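Values quoted throughout were computed directly from the atomic coordinates according to the rules given, and no laboratory measurement underlies them. Predicted model only: the values in this text are computed from it and were never measured. Cβ sites come from the backbone with ideal geometry, for glycine too, and all protein chains shown count toward neighbours.
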Amino acid sequence: MSKKTPLIELQTVSKSFGSNKVINHVDFELLPGEIHALVGENGAGKSTCLGMMYGLHQPDAGSISLSGKKTVIDNPAHAQNLGIGCVFQELSLAGGLSVAENIFAGHAPATFGIVDWKKLRRRAETLLGEFNLSIDVTAPVDKLPISTRQVVEIAKALSLNSRVILLDEPTSALTPDEVDALFTILRDLTRRGIGIIYVSHHMSEIFSIADRVTVLRDGRKISTHKTSETSENEVVTEMIGGHVPASVKHASDAIGDVFLEAEALSFPGVFEDISLTLRSGEIVGLAGLMGSRRSVIAKALAGLFTARDGVLKIKGAPVDLRSLSGAMKAGIGYVPEERKTDGLFLDHSVRDNLVAASLKKHTTHGIFSTASARQATQNAIERFSVKAASQDTNIRFLSGGNQQKIMLAKWLETEPDILIIDEPTKGVDVGAKFQIHDELRKKAADGMAVLVVSSDFPELATLTDRIIVVREGRLVGEIGAEMATDDSILNLAAGVEAAPQNTLHEVERSAIQ
Amino acid sequence: MSLQTLDKQDAPSLMSKVISACLHTREITLLLMILGIVVVMSFVTPYFLSASNFRAVAVGMTPTAIIVIGMAILLASGGFDLSVGSVMALSSTVVALLLLAGVPIPVAVVLGLVLGAVAGLANGILITVIGINPLVATLGTMSIARGIALVLTEGFSVSSLPPAFGYIGKASLFGIPLLVILTLSLIVLFDLAVRHTRFFRQIYFIGANEKAAMLSGIAVNRVRIIAYILTGTLAALAGVLLASRLMSGTPTAGNALELQVLAAAVIGGASLRGGEGTILGAFLGVVFVALINNAMTMLAVSIYWQMIVIGAVLVCAVALDMLVRRQSA
């Protein structure tokens, strides 16, 4: 592919958010008919790169060229007009509206502004037909299983007849069969000269579909290889910057009494027959793909979602947890997945955030001691080497990694016996990730029982003692540390064939309230 | 794939389908309840079914019914507008003052509507471009619009308008007041527009998930601003028609109307969460509330008790909706 003009090209672009430089002089090109994978750890800058190509962010320096012409992409609508389509990791569908309408969100075929429903349906059926799915395109989206919703999302990007398609983790909720169907479609698209940028954590996918792979680390471009001329090992090593985390597997010699025990927890339609134990000194992983209900199960253990049946025991005594505050009294700490919406008070100081769950500790006779809180914050900042202008800085201005460290420290402040932590390193840089892992290992060594919920399977493989895998609300197996690899977890989590699921979204949402 | 198997598994009987449709389609629930009120009331008092009573109820609810169109659209897009009652009063007084100053009727009417559009534009810009919360922004414009109406008139109604201006407000066609015909036409027009035009379909995407709508290439701010302009204009239209019917501009008209409109829209299936509701539903909400009020007046229930009942109806409607949703989730 020597003389072709790239469809889209980033020319030494940089981008900062506040004082946080997320993209640093990155060059990247996508040729016609090429599938170009973009890989990197969380926080490496992949999403920001995609965002710049889709008009969500403007580069601070450098430029973007489309077919050799310098172009400023103003916003997503402009990007779409320029022939760029994007599938985001987070589902962006309007639940109450039909599948067909969602596929053509805002672009429904219309005459004089009046939607042509027949044409809309036919076109939607054609697009979904390529996935060999016979979905009722008039059904509201929120009645569909998650994996089907993701297909709808992909169909949405294809509906625009784009020349460039950006895919951000498009397979996170797909079954292996659906992944195959997707790959067939992608190959077909490249034959028509369409270029595809493919972001994924799954090395096996990248090596089976991509022509080239570009590695980002800490906002810099490390390399671009032809996939035929490199190996998974080389790419992974470049991604994490030479560290080989396999050597820091958790040593499980300090395992003690059972701290938490779930017996056949069920909530019909959400999860069924969940039995598990957590022991002192142990780090246990709870793994599952999107739609596996891993987060709801974690919430059920933390009192944020009440199971209809089953027994939950803490240190051998049955408990009836109906709220997080009840769970905290029983010795549980819960670090939520969504840092910005569920975990932090973004417009409050680092200190306010740190002590939010442990106000009592800093209160004597009803009087809150700022001095005591200040001391605790100072300790946390030092222990986690948090980078913040001061502890009075609004936490909004910290980088994702530093925010995540404070969120973890906030829960460690409550001195829990059992820590349930959902996606502990989502969207943080490599340094913060190692530090968070290190802290969790230390706490386990001190006797804490830790449950790590994650869709980041390599993380679970290196961090935990054993991994419990869930699929569609049921336990499907357990993998010991010695056997755990990215692929062994994925195979178990994906299963062979997915059964239908009902309105999971509703349930997960109501679980938060 | 999965959906077909699902359908077969619990193929519901016709009866349970009908019941489920009634519970899940707010329009049908409301229609049945409205029929219920009519039937019960016609037994209780013979005056209820009289043409004069129906005419009075229908004419009385025209301002609310016109304004609820805009409110339902805003609610579906995840916004709302508290300034509608004040804008209605302001436009009614401004049109009246213009007429007194000798401005020709069509010009005065158009200026009144433009005033409403400008108020809506102001709301839209405050909320989208500047980013003020809709509650605060429209609370502010509500107070400003009402204040201007009171300043312009020193609190008095503006009467002695040219008799020709009263035509629309008083005329009838085949015994049906023109006001009612006009209102129903607007309802039908906008209900169809919201169901079938590409522009209005966008509001559901915005209301369901604003960020996702933006990522889908929808010009979120533009659509929102247009929705506020539309609402302001409809409020002004309600004001002009009110002035025509009463033959005066009233600066105190439409006090607390915004809350009645919101309540009716929510009873009709709209939600402050956004992403749902129809014009037809919101209109039926207005009819339902108007009939309850009328029925209670006929039964000589005190106006204070009426307030309690309407409040209870609102809360019950929303609570019932939440329970039905939880059941089906």
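In chain B, the longest principal axis of the Cα atoms and the axis of helix B:134-153 are about 20 degrees apart.
Placing a pseudo-label 7 Å from each Cα along the Cα-to-Cβ vector at A:SER372 and B:ARG222 gives an inter-label distance of 5.8 nm.
Less than 5 angstrom separates the built amide H of A:ILE165 from those of A:GLY85, A:GLY195, A:ILE196, A:ILE197, all sequence-distant by 5 or more or on a different chain.
Computed from phi, the 3J(HN,Hα) profile of segment A:474-481 under the Karplus parametrisation 6.51, -1.76, 1.60 (θ = phi - 60°) reads 10, 5, 10, x, 9, 10, x, 3 Hz, with x in place of Gly and Pro.
What angle do you read, to the nearest 10 degrees and between 0 and 90, between the alpha-carbon axis of helix B:105-128 and the longest principal axis of chain B? Tilt of helix B:105-128: around 50 degrees. Using the Karplus equation 6.51 cos²θ - 1.76 cosθ + 1.60 (θ = phi - 60°), what ³J(HN,Hα) coupling, rounded to whole Hz, does each residue of segment A:261-272 give in order, writing x for Gly and Pro? So the Karplus estimates, Gly and Pro as x, are 9, 10, 10, 6, 5, 9, 9, x, x, 10, 9, 9 Hz. Shielding of peptide B:203-209 by partners, expressed as the average count of other chain Cβ atoms within 10 Å per residue Cβ, is 5. Given segment B:72-151, what whole percent of its Cα pairs are spread farther than 18 Å? Value for segment B:72-151: 44 percent of Cα pairs lie more than 18 Å apart. A protection proxy built from the mean count of other Cβ atoms within 10 Å ranks the segments A:429-437, A:312-320, A:342-350, most packed first, as A:429-437, A:342-350, A:312-320. Roughly how tilted is helix B:26-44, in degrees to the nearest 10 and between 0 and 90, from the longest Cα axis of chain B? Helix B:26-44 sits roughly 70 degrees off the main axis of chain B.
When the alpha-carbon atoms of the protein assembly as shown are used, the pair Rg, Dmax equals 30.4, 96 angstrom.
The Cβ shell under 13 Å around A:ASP456 holds other residues with a net charge of -4, Lys and Arg each +1, Asp and Glu each -1. Extent of segment A:188-314 along its three principal axes (Cα atoms, max minus min coordinate, largest first): 56, 40, 23 Å.
Checking every one of the chymotrypsin sites (Phe, Trp or Tyr not before Pro) in segment B:174-205 against DSSP loop status and a limit of 15 other Cβ atoms within 10 Å picks out B:PHE174. Put simply, when A:118-129, A:101-112, A:460-471 are sorted by average Cβ atoms within 10 angstrom per residue, most first, you get A:460-471, A:101-112, A:118-129.
Under the rule a/c < 1.5 gives rounded, and otherwise a/b versus b/c splits prolate from oblate, where does segment A:33-181 land using the Cα gyration tensor? Because a/c hits 1.5 or more and a/b fails to exceed b/c, segment A:33-181 counts as oblate.
Estimate the FRET efficiency between A:HIS78 and A:PHE345 by the formula 1/(1 + (r/R0)^6), using the beta-carbon distance for r and 41 Å for R0, to the nearest 0.05. About 0.75, to the nearest 0.05.
With both labels modelled 7 Å from their Cα along Cα-to-Cβ, the A:ARG191 to A:ASP27 distance reads 3.4 nm. Pairs of Lys residues in segment A:8-244 that lie 8 or more places apart, or on two chains, and have C-alpha atoms under 22 angstrom apart add up to 15. Segment B:88-116 and segment B:269-291 have Cα centres separated by 30 Å. Between amide H atoms placed 1.01 Å from N, distances below 5 Å from A:GLY106 occur with no residue 5 or more places distant or on a separate chain. Take each residue of peptide A:94-103, count the partner chain Cβ atoms within 10 Å of its Cβ, and average: the result is 4. Peptide A:147-157 shows a mean partner chain C-beta count of 1 within 10 Å per residue C-beta. Between segment A:159-177 and segment A:178-213, how far is it from one alpha carbon centroid to the other, in angstrom? Measuring centre to centre over Cα atoms gives 9 Å. Computed across segment A:344-412, the Kirkwood hydrodynamic radius from all distinct Cα-Cα pairs reaches 11.8 Å.
A quarter of the convex hull surface defined by the alpha-carbon atoms of segment A:257-321 gives 4.2 nm² as the mean projection. Between amide H atoms placed 1.01 Å from N, distances below 5 Å from A:ARG279 occur with A:PHE259, all of them 5 or more places distant or on a separate chain.
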